[in-house]
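Take a look at the structure below.
The values are calculated or read from the model by the stated rules, or taken from the named source; none is laboratory data. Keep in mind that what you see is a predicted model, and the values were worked out from it rather than measured. Here the Cβ is made from the backbone with ideal geometry for all residues, glycine too, and neighbour counts use every protein chain on show.
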Amino acid sequence: MADFERIYTDHFPSVYKYVFSLCRNPAMAEEVTQEAFYKAMMHMDQFDGTCQLYVWLCQIAKNTYFTYHQKQKRQVSEGEADLSQEAAPDFERDLMDQETARRLHVLLHQLPEPYKEVFSLRVFGELPFSQIGELFGKTDSWARVIFYRAKTKLRRDFHENTV
């Protein structure tokens, strides 16, 4: 796992810039880049070395972006049937609804540590990843990964509980 943390630290800025060049949206670029690194971590055994690691990571990021983009287009298409409402709300807009926020707080409370604390420090404390990493005696890359995993679990659990 320490090797992947180094890979993440070394390549995150470059992969992020690549994704940003595709979407021109900082929040989306961050989301897609984190998702791409998660996929890379889960499938590291499939990296065969026939290309540079950076190229492999960018390919995963590009595919992740296109999948994300297609999903967003489908949500908009489905929402066009009823123009009186906004297109399918995204995770961040859900936070605006008080009932949704309450349910998210319940799910957050159920997260194990350090996921709960890292997520809370980032979202509610608005701390940068570098400071969160320092608090735990870890790197900012570690804090990013833990935050992303917490966010992914919250999103998954939230959507499973609303269906």
If I ask for residues that are out of contact with any helix residue (DSSP H, G or I) (no Cβ under 8 Å at 6 or more places or on another chain) and either over 17 Å from T9 (Cβ atoms) or assigned to a helix (DSSP H, G or I) (or both), which ones from the range 132-161 would you list?
E134, R156, H159, E160
Filter result (at pLDDT below 85, over 21 Å from R155 (Cα atoms) and not aliphatic (A, V, I, L, M)) within the range 53-103:
Y54, C58, S77, E80, D82, S84, Q85
Search result, residues across the range 3-27 that are over 22 Å from S130 (Cα atoms), small (G, A, S) and surrounded by 11 or more Cβ atoms within 10 Å (Cβ to Cβ)
none
Considering residues that are among the hydroxyl-bearing types (S, T, Y), more than 20 Å from T33 (Cβ to Cβ) and modelled with pLDDT of 85 or more, the number found within the range 115-163 is 0
So which residues in the range 2-33 are outside any helix (DSSP H, G or I) and at negative phi?
N25
Assess whether Y16 counts as being more than 22 Å from A143 (Cβ to Cβ) and hydroxyl-bearing (S, T, Y).
no
